[in-house]
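Written out below as structure tokens is the structure these notes cover.
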Amino acid sequence: MGRRRAPELYRAPFPLYALQVDPSAGLLIAAGGGGAAKTGIKNGVHFLQLERINGRLSASLVHSHDTETRATMNLALAGDILAAGQDAHCQLLHFQAHQQKGNKAEKAGKTGSKEQGPRQRKGAAPAEKKCGVETQQEGLELRVENLQVVQTDFSPDPLQKVVCFNHDNTLLATGGTDGYVRVWKVPSLEKVLEFKAHEGEIEDLALGPDGKLVTVGWDLKASVWQKDQLVTQLHWQENGPTFSSTPYRYQACRFGQVPDQPAGLRLFTVQIPHKRLRQPPPCYLTAWDGSNFLPLRTKSCGHEVISCLNVSESGTFLGLGTVTGSVAIYIAFSLQCLYYMRESHGIVVTDVAFLPEKGRGPELLGSHETALFSVAVDSRCQLHLLPSRRSVPVWLLLLVCVGLIVVTILLLQSAFPGFL
């Protein structure tokens, strides 16, 4: 028997490294490529339309944006603007989707059929390789244009490793191999802040709604900043396990809301062994108070090295990918694992993203509790569905308790006539 895998939504003609979901248009955006090497592997950003067909969630290619010789390694989404990390640069893309009407849609479908034919779904990789820059399908038209581009990393071997927008999408922050955080205005990409955050590479960063910035790097540190001023450093082992002989580093950090608490904020981090060992120690997941940055709880998340982390829109779920291709969904409150697909991809998972809970999210989700998308170097985008957990209503529990009390009294009365 073969290894069990999650449903495959899409297979790109190049390795996939980054993933975003646009809730308003129901678009799944996957990006990657082969880089500048002359291997014949293309570079691009693919826009996929998410739909429910016969009760199942499916994705079809509606637009392929060519990024020439630059592979997109990381993405951030702010409305209709994408920030794409490409080598040492950050490229802003503006996209606009709208439905065509009447004969215009039919005409577009006929002219577009020469390049890509009918709807492309799972198993349509050969046809996808023929798709052009402009793509129109079944009445949906998507236009993508390049906006500003700026160099964001200046190390000898420069690479932007992470990009994220602030809460109102007016600023974006970048980090890379030179250890500097740089903050830019959107969409002009005018630099407004620059400071050295880590000795060595910045692995991840996250911007909170109050303007605080959390960075994690290869120097084993996780730091909280207010602009360029250090507020505090995180110490995850204060209430967790200690390993004197095993150094750990922070691999990822994400802010998340506290469900049912509009003003609540949590920070989640992943800690992995800094060096690979023959018998690898466990990796850890930590939840932090988002106001004072004290650790709330730490749980082991297995011996597979974690490669990426994401938090659902409501802050209810955490999504994890591993270097061995496994994908997991945890509940944020207790850090309990709810879903695990071992080696689903079979190679390093490069990014995960939840289906948003706004816009077209509920319509696409159906009866499931949440949906997580994952991409990997194997060029596949997979879907991981968490079935709804059945819960008993409170009123039903109260009714059962009252019934048990009544039955107990009747039994006592029949056994002991003078009981009441």
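No lab work stands behind these numbers, since they all come straight from the coordinates. Because the structure is a prediction, the values reported are computed rather than measured. Every residue, glycine as well, gets a Cβ built from its backbone with ideal geometry; the counts of neighbours run over all protein chains shown.
Shown for segment 321-420 is the translational diffusion coefficient from the Stokes-Einstein equation, using the Kirkwood radius over Cα pairs, a temperature of 10 °C and a viscosity of 1.306 mPa s: 92 µm²/s.
For the chain, state the average projected area of the convex hull of the C-alpha atoms over all orientations, rounded to one decimal in nm². Mind showing how you got there, number by number?
Working: hull surface 114.3 nm².
The orientation-averaged projected area of the Cα hull of the chain comes to 28.6 nm².
For the chain, the longest principal axis of the alpha carbon atoms and the long axis of helix 102-116 meet at an angle near 70°. In a DSSP loop and with at most 15 other Cβ atoms within 10 Å, the trypsin sites (Lys or Arg not before Pro) in segment 152-248 are Lys227. For segment 83-90, backbone phi angles converted through the Karplus equation (6.51, -1.76, 1.60; θ = phi - 60°) give residue-by-residue couplings of 9, 10, x, 10, 6, 8, 10, 10 Hz, Gly and Pro being listed as x. Among the trypsin sites (Lys or Arg not before Pro) in segment 1-46, those placed in a DSSP loop whose Cβ has at most 13 other Cβ atoms within 10 Å are Arg3, Arg4, Lys38. Evaluating 6.51 cos²θ - 1.76 cosθ + 1.60 at θ = phi - 60° for every residue in segment 335-345, the Karplus couplings come out as 6, 8, 6, 9, 8, 8, 10, 5, 6, 4, 8 Hz, glycine and proline recorded as x.
Each listed q (0.12, 0.16 Å⁻¹) maps to a log10 I(q)/I(0) for segment 9-101, found by the Debye formula over equal Cα scatterers with no solvent: -0.37, -0.64. Couplings 3J(HN,Hα) of segment 216-233, computed from phi: 10, x, 6, 8, 6, 10, 10, 10, 10, 10, 10, 6, 9, 9, 6, 8, 6, 10 Hz, in residue order, whole Hz [Karplus 6.51 cos²θ - 1.76 cosθ + 1.60, θ = phi - 60°; x for Gly and Pro].
Ranking request for peptides 275-281, 77-83: highest mean number of other beta-carbon atoms within 10 Å first, then the rest in descending order. Show your work: numbers first, answer last.
Values: 275-281: 9.6, 77-83: 19.6.
Descending mean neighbour count gives 77-83, 275-281.
Counting only GluC sites (Glu not before Pro) that DSSP places in a loop and that have at most 14 other Cβ atoms within 10 Å, the longest clean stretch of the chain runs over 200-356.
A cut-off of 5 Å between modelled amide H atoms, ignoring neighbours fewer than 5 places along the same chain, links Leu296 with Ala287, Trp288, Asp289.
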